[in-house]
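Remarks on the structure that follows.
Laboratory data are not the source of any read-out in this text; all were calculated from the coordinates shown. Keep in mind that this is a model prediction, so the values were computed, not measured. Note that each Cβ is placed from the backbone with ideal geometry, even for glycine, and that neighbours are counted across all protein chains shown.
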Amino acid sequence: MMLPDDKMLLGITGTAVSAIGAGLSVTELQAIISIIVTIAGFVISVLIPLIIKLVKKIKAAKADGKITKEEVDDIASTVKEIVDESSKVIEEVSDKKSEGEK
């Protein structure tokens, strides 16, 4: 059985492989298609699980009718994780796109 962290690592690896493929694309059309596939792969493999994790944490925090500071910190760390992962992929895609334009 795979742990959630293992699934996240595999998702990030798949997204990185897609981004590398974007950099190796020969034509502009291939580069565009590769970038689209990279973004779609990232959304499916990284963002959706993180968003589901965030929703579950918010529901659990609201279950008792009040949200504690620890719960807010936990939710905030998940939001930060989503932003950080998104930033990494956006940076990779923009780097590959600029390499393709050369």
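Which pairs, out of Lys56/Lys88; Lys62/Lys88; Lys53/Lys88; Lys53/Lys80, put more than 21 Å between their alpha-carbon atoms?
Correct reply: Lys56/Lys88; Lys62/Lys88.
Quote the relative contact order of segment 7-101 in percent (integer), defining contacts as alpha-carbon pairs under 8 Å separated by 6+ residues. Each step should come with its number before you reach the end.
On the way: 74 pairs, mean separation 35.2, N = 95.
Rounded, it is 37 percent for segment 7-101.
Using the 10 angstrom Cβ neighbour count as an exposure proxy, how do Lys80, Lys53, Lys69 rank, fewest first?
Values: Lys80 10, Lys53 16, Lys69 7.
Starting with the residue having the fewest Cβ neighbours, the order is Lys69, Lys80, Lys53.
Just report the Cα centroid separation between segment 70-87 and segment 26-41, whole Å.
With segment 70-87 and segment 26-41 each reduced to a Cα centre, they are spaced 28 Å.
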